Amino acid sequence: MYHAETLKEKVQLFLKILWPIMVTQVSLSMMNLVDTVMAGRVGTSDLAGVAIGASLWSPVFTGMNGVMLAVTPIIAHHLGRDEKDRIHFIVTQAVYLAVLLAIAIILIGGFLLAPVLNFMNLDGEVQHIAQHYLIGLSIGIIPLFISNVLRNFYDGQGLTRITMFITILAVPFNVLLNYSLIFGQFGLPRLGGIGAGYATAFTYWIILATSVLMLFKIEVIRRYKIFVDWVMPSLKAWKEQLSIGVPIGLSIFFESSIFSVVTLLIGVMFSTIAIAANQIVISFTSLVFMIPLSLSMAITIVVSFSIGGERLKAAKQYSFLGVLSGVGILGIAAIFMFFLREPIASLYSNDPEVIQFAGQLFLIAILYQLSDGAQSGLQGVLRGYKDVKVPFYIAFVSYWLFGIPIGYLLAAFTDVGPSGLWIGISIGLTCAAIGFLLRLRFIYRQQRQQVNKSVST
């Protein structure tokens, strides 16, 4: 990381940080894509079971990952101030916290999983697949959380190519494990959709092993002595991380959970066909969303670094660059999805009814692409400023007081059916984008006042 001076240098630095993050995020999403595609090839019930399981896990995973994401701006701020001696302590405390959170999630999931699935009143086969998919996946929760801390440690220093290398290495293993466990190849049992959960868990262990290996192989990383010099757990350090990470995690949870709630509501209100079609649209749009999400993560790094170095003008330039890029890219993706919606659906399923239903849902999903790109980028900017509490409230109101209730009312009391829930998502994301924009304008106004005050004194 370095403080770029000219606009050209800023663009070059931003792209240097961005493209490995983008490759990493797309690769991670490809793992979910492989789960969905291979489960769909086994049967509609397997696809629906994986959809329900993934919908229960996704908001938990993304929310907890948001807590770990606090490591990135904390490290970037210290680097911007040239306080490298603080980094070892921060990362070690984050690892302790990650293990505790992972154990808590496993224990809570053990108590709540069966009651939640029973409450949904699913088809028996779908419920069995969803439950055992999650049981298999739980084997990988601890390594997943630790590796996320290490990833944020690398990314916070601008070393995004390390996590890119680790993730690209893991993808072939994930594909092979899915193929082997879902279809029963190479002497392994044929588990169907359940096998996708175990394959994902084993892949998380591979990612952790490679992430730890990088700590000792790369000189610029080895000097921090992570996993070599251990320090005592610190409640104060955990509190600092949680004060930033919990609002981030909850904001991400509120966003990701609306997609999960839509899937769960469709599971309760509509048919297995509708569940499968909905999962296809979520799977593909999630893959596309990795691009603006990557932009958001890169924005957080460069804005945090600039703020740490008290370069406010640079932080603002990075903000505009990232947000406008995200909106433009998702606009192009929306056109792509419109013309190829049914061919895309046919990659996931052979069932004509599922393909046709998914094509209809794609038409609704296209509507919120620009809003999704904008709100993701704006959140990245606000995290760079360590402004996380107000965005948390904006996310809650937008997604849970507007998006979900409106979507449910449309689905339950009008003829639009499952599409009503997707209309609710569009409304929620649009409200969030507007709210984040207004908050960022307030932050900029605060900065101008502080600068004018310091000049006058």
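The values are calculated or read from the model by the stated rules, or taken from the named source; none is laboratory data. All of these numbers come straight from a predicted model, not from anything done at the bench. Cβ atoms come from the backbone with ideal geometry, glycine included; neighbour counts cover every protein chain shown. Each accessible area value is taken on the protein alone, full model and side chains, heavy atoms only, with ligands, DNA and RNA left out. Shrake-Rupley method; radii C 1.70, N 1.55, O 1.52, S 1.80 Å.
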When a/c reaches 1.5 or more, the comparison of a/b and b/c decides; with that in mind, is the range 245-297 rounded, prolate or oblate per its Cα gyration tensor?
oblate
What does the extension gain come out to for I443 and M120, with contour length at 0.36 nm per residue minus their alpha carbon separation?
112.0 nm
Please determine, in degrees from 0 to 90 and to the nearest 10, the orientation of helix 193-217 with respect to the longest principal axis defined by the Cα atoms of the chain, where the helix direction is its Cα long axis.
20 degrees
Helix 44-69: angle to the longest alpha-carbon principal axis of the chain, degrees 0 to 90, nearest 10?
10 degrees
From the Cα trace of the range 321-360, what convex hull volume per residue do you get, rounded to a whole Å³?
65 Å³
Modelled label-to-label distance, S234 and L188, 7 Å Cα→beta-carbon offset: nm?
4.2 nm
Taking the alpha-carbon distance from K16 and a cut-off under 19 Å, which aspartates and glutamates remain once sequence neighbours fewer than 8 residues away in the same chain are dropped?
E5, D155
Report the full-extension gain for the segment A209 to F338: residue separation times 0.36 nm, less the Cα-Cα distance, to one decimal in nm.
42.4 nm
Can you work out ³J(HN,Hα) from phi for every residue in the range 168-181, in order, using Karplus 6.51 cos²θ - 1.76 cosθ + 1.60 and θ = phi - 60°, giving whole Hz and x for Gly and Pro?
4, 5, 7, 4, x, 4, 5, 4, 5, 5, 4, 4, 5, 8
Leaving out ligands, DNA and RNA, and with a 1.4 Å probe, what % of the accessible surface on the chain is carbon or sulfur?
68 percent
Got a sec to turn the phi values of the range 340-349 into Karplus ³J(HN,Hα) couplings, 6.51 cos²θ - 1.76 cosθ + 1.60 with θ = phi - 60°, whole Hz, x for Gly and Pro?
10, 5, 6, x, 5, 4, 5, 5, 9, 8
Stretched fully, the stretch from E219 through S243 gains (0.36 nm per residue minus C-alpha distance, one decimal, in nm) 5.5 nm
At what distance in nm do the modelled label points of E310 and L176 sit from each other, each positioned 7 Å from its Cα along Cα→Cβ?
5.4 nm
Can you find, among G373, L181, L122, the residue farthest towards the positive end of the dipole of the chain? Put +1 on the C-beta of Lys and Arg, -1 on that of Asp and Glu.
G373
Quick one: putting +1 on the C-beta of Lys and Arg, -1 on the C-beta of Asp and Glu, what dipole do you get for the chain around its Cα centre, in Debye to the nearest 20?
1760 debye
Expected vector for the range 384-394, Karplus 3J(HN,Hα) from phi with 6.51, -1.76, 1.60 and θ = phi - 60°, integer Hz, x for Gly and Pro, equals x, 8, 6, 9, 10, 6, 5, x, 4, 5, 4
Accessible area in the full protein assembly, largest first, 1.4 Å probe, for F183, F362:
F183, F362
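Set the bar at 18 Å for Cα to Cα. Now go through K239/K386; K84/K225; K316/K386; K84/K239 and name every pair that lies beyond it. Let's see the in-between values first.
Details: K239/K386 15 Å; K84/K225 12 Å; K316/K386 14 Å; K84/K239 20 Å.
In this structure, K84/K239 lie more than 18 Å apart at Cα.
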Report relative contact order for the range 327-452 in percent, whole number only (criteria: Cα-Cα under 8 Å, sequence separation at least 6).
27 percent
The chain: relative contact order in percent, alpha carbon pairs under 8 Å with at least 6 residues between
22 percent
Projected convex hull area of the range 339-457, Cα atoms, direction-averaged, in nm², equals 9.6 nm²
Ignoring ligands and nucleic acids, what accessible area does K316 show with a 1.4 Å probe (Å², nearest 10)?
70 Å²
Given the C-alpha centroids of the range 140-180 and the range 193-242, what is the distance between them in whole angstrom?
10 Å
